[in-house]
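Contents: one structure, followed by commentary.
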């Protein structure tokens, strides 16, 4: 008899927390985001809770008004390499853009992380999203969306060639010939494409996993096609159950269209569980966070993420029409999720702000451990998710509540592991 299907749960390590108001809670210290001890405590607590992996996001510039941004922090691959030294089993998923670096550098960085962690590395493949990032690399404007994904496809091809340029037993076979590395077993790749020319080989042995776990978070047509063809897990932000079910069915069908087993692509919607011993306490915590969000932050979301001209509007005025998705050149996934949440005929500015509700384009569930687990189980068992990319609403309270209250409830139901069984991250995801 086969083991029952269980959820994959990653924990998203982000500044302050997943709720927009978390950075304004009393006692928050912004310097925690660069404090190694802060990250070590988080990683070890996440491992004790048996999360599949720690996921860290990254950008190459401030994507929002710097006065309100929560998107900053340490280099994610360097941070995950440090966390590899203080953990033993939890996966370590680092975000690296294919737009502002080179495949040789990235292949080396991620192979290094895989060696340091003994097979626990993952790569969240992003294409970056804003002119502010491009302007840190000598460019005025970021590449067009379709060009970023064309570059990403070749970038991934080159990194895989570099990882495969070493036989797994290259040292042993070379030693039998009296050399350290024989060119038959450590091969030049001689890649010459539209975007890259790379001689190779890689300058360190093949990663323990062969390649890191590959994940991707785009929800645009280009992004989902890239994910369906190439990656092992896709992160997605959906406004509700119906949207997640539709996305789940669509991207699994896309994967099958590329000749893949749909089960080989795991779909992990983003989720912010706001959990407490009682529903009243959980709602009180959410209300506390909601009250800390400056109104102009919510207005900036409407302006910059959705491209809406709301200047001069009152709360009772209807929102202007949403732009066509084809006109959006940055963060299309976020645009689509927010459009799904807000694109209701006649919706007013005030109602839009209420629906945004501080959740940073990620769905939330508020309640007791049983209530939150009920909702997660419903998504998991009705074709909406293979697991979740969890954001704690705040640190430390929101994160500790997830570890202490929600995880045990999921374990009690048999929906989540009580201990680690696999030694590598790819094996954990059956990739």
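Computed FRET efficiency, Cβ-Cβ of residue 354 and residue 242, R0 25 Å: what is it to the nearest 0.05? List each step's numbers first, then the result.
Details: r = 20 Å, r/R0 = 0.81.
E between residue 354 and residue 242, to the nearest 0.05, is 0.80.
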What's the extension gain from residue 344 to residue 370 if we count 0.36 nm per residue and subtract their Cα-Cα distance? 6.2 nm
Report, in degrees rounded to the nearest 10, the 0 to 90 angle that the Cα long axis of helix 36-48 makes with the longest principal axis of the chain. 90 degrees
Rounded to one decimal in nm, the spacing of the 7 Å Cα→Cβ label points at residue 48 and residue 140 is 5.5 nm
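Only Cα pairs under 8 Å and at least 6 apart count here; give the relative contact order of segment 175-263 as a rounded whole percent. Let's see the in-between values first.
On the way: 67 pairs, mean separation 14.8, N = 89.
Dividing the mean separation by the residue count of segment 175-263 yields 17 percent.
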Segment 3-150: relative contact order in percent, alpha carbon pairs under 8 Å with at least 6 residues between: 22 percent
Taking every pair of alpha-carbon atoms in segment 347-417, what share in percent sits in each 5 Å bin, from 0 to the bin with the longest distance? 3, 14, 23, 23, 17, 11, 6, 2, 1
Computed over the chain: longest principal axis from alpha-carbon atoms vs helix 221-230 long axis, angle to nearest 10 degrees, is 40 degrees
Here the percent of antiparallel bridges among DSSP beta bridges lying wholly in the chain, to the nearest 5, is 10 percent
Measuring from the longest principal axis of the C-alpha atoms of the chain, the long axis of helix 241-257 (C-alpha) lies at a number of degrees, nearest 10, equal to 20 degrees
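If you average the sequence gap of Cα pairs under 8 Å that are 6 or more apart and divide by the length of the chain, what percent do you get for the contact order? Can you show the working numbers first?
Working: 780 pairs, mean separation 95.3, N = 431.
Rounded, it is 22 percent for the chain.
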So residue 82 and residue 377, fully extended at 0.36 nm per residue minus their Cα-Cα distance, gain in nm 102.8 nm
Using a Förster distance of 25 Å, how high is the FRET efficiency between residue 310 and residue 24, based on the Cβ-Cβ distance and rounded to 0.05? 0.65
Please give the Cα centre distance for segment 247-278 versus segment 1-35, rounded to the nearest Å. 20 Å
Pairwise centroid distance, computed over Cα atoms, of segment 136-173 with segment 178-239, Å: 6 Å
Radius ratio Rg over Rh of the chain, counting only Cα atoms, Kirkwood formula for Rh: 0.97
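Can you compute the FRET efficiency between residue 172 and residue 404 using 1/(1 + (r/R0)^6), with r the Cβ-Cβ distance and R0 = 41 Å? Round to the nearest 0.05. Kindly include the intermediate steps, with their values, before the conclusion.
On the way: r = 47 Å, r/R0 = 1.14.
The pair residue 172/residue 404 has a calculated efficiency of 0.30.
Coordinate-derived values only; no laboratory data. From a predicted model like this one, the values you see are computed outputs, not experimental measurements. Quick reminder, even Gly has a Cβ in these numbers, built from the backbone with ideal geometry, and neighbours come from all protein chains shown.
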